[in-house]
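The values are calculated or read from the model by the stated rules, or taken from the named source; none is laboratory data. Note that the structure is a prediction, hence the values are computed from the model and not measured. Using ideal geometry, Cβ is built from the backbone for each residue, glycine included, and neighbour counts are taken over all protein chains shown. SASA here: full protein model, heavy atoms, side chains in, ligands and nucleic acids out. Shrake-Rupley method; radii C 1.70, N 1.55, O 1.52, S 1.80 Å.
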Amino acid sequence: MFLIFTCIYTFIKTQRSSSSRSSATSSITSKMPNVLRTGNKKIGLAFIGSGLLFTFLGITLFFNKNLMRMGNLLFICGIPLSIGPGRTVGYFLQPKKARATGCLIVGILLVFVGHPILGILLEVFGLLNLFGNMFPVLMVLVKQLPFVGGLFDGGNKKGSGGGRKQRSSRQEEEQYYGGGGGDRYYDDRYEDDGRGDDRYY
C-alpha cells in the first residue's frame, strides 16, 4: 500500500511541476509526466515484483482472491511502466501472440470476477507463451551467477569433477597395460623423427 501511495504522490507532484512549466499552447502529451510516456524501469520493476509477491502469497494462502487481485493490478501497472506503453502495446498485440495475450487477459478477468484457480492457470499459460522464448537467455544468465550457477551447470565446468573422472580412468588404463612407467608411448620425452630412428630426449 505504501508503494502505491508513493507512486500516486510522485505522479501528482510531477503533474503539478509539468503543468506549471508548460504553456497554454502545449499539447496534452507534453503535460503528461515523462514516467507515463516513456516508462521508468525502477518503478515498473518494483510494481512487477510486488505483483508477483502478492500473487504468490495469494496462491499459498489457498487462492486468496483479494491478494491475487492486488497482485494482478500491480503486475498490469508495472509492465507499461517498466518498458513504456508503446512497447507494451506493440509486444502484446502482435498477431502471432494473440492467443497468449487472450489467455492472459481472460485469466486476469477470471481472477477479478472470483475464479482464481482457473484464472491463474490461464495466466500462467499465457505468460509461458508470451515470454517462453526468454527462458534460454535467463538460463544462460543464471548459469553465470557465482553461487547459483553451479547448481544449474550440471558439472560441465572443468573443475567440477570431470577431471577427476578422466584421471582415474587414465590410471586404470596404465595399470591394465603394465604401469606405463617406462613405456615409450606414455613418455613425454619420446620423439619420432620420421626416419625410423626413434630417440629419447
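What to note about this one:
- Annotation note: Cβ proximity below 9 Å between a residue of the range 53-64 that is within 15 Å of GLY119 (Cα to Cα) and a residue that is not in a helix (DSSP H, G or I) (sequence gap 6+ or interchain) occurs for GLY58/ASN64.
- Test: residue in the range 42-52 that is outside any helix (DSSP H, G or I) and either modelled with pLDDT of 95 or more or touching a Pro at 6+ places or on another chain (Cβ under 8 Å) (or both): no
- For beta carbons closer than 7 Å, sequence separation of 6+ or different chains, a first residue in the range 114-125 that is open to solvent by 90 Å² or more (accessible area, probe 1.4 Å) and a second that is not in a helix (DSSP H, G or I), the qualifying pairs are ILE117/PHE63.
- Among residues of the range 45-71 being in contact with a Gly (Cβ under 8 Å, 6 or more places away or on another chain) and aromatic (Phe, Trp, Tyr), the one that is surrounded by the fewest Cβ atoms within 10 Å (Cβ to Cβ) is PHE56.
- Within the range 86-104, residues that are surrounded by 11 or more Cβ atoms within 10 Å (Cβ to Cβ) have Cβ atoms under 8 Å from residues that are of a type outside the set (Gly, Ala, Ser) and not in a helix (DSSP H, G or I) in these pairs: THR101/LEU93, counting only partners at least 6 apart in sequence or on another chain.
- Test result for LEU74, touching a Phe, Trp or Tyr at 6+ places or on another chain (Cβ under 7 Å), surrounded by 18 or more Cβ atoms within 10 Å (Cβ to Cβ) and modelled with pLDDT under 90: no
- The range 117-156, residues that are under 23 Å from LYS97 (Cβ atoms) and among the acidic types (Asp, Glu): GLU123
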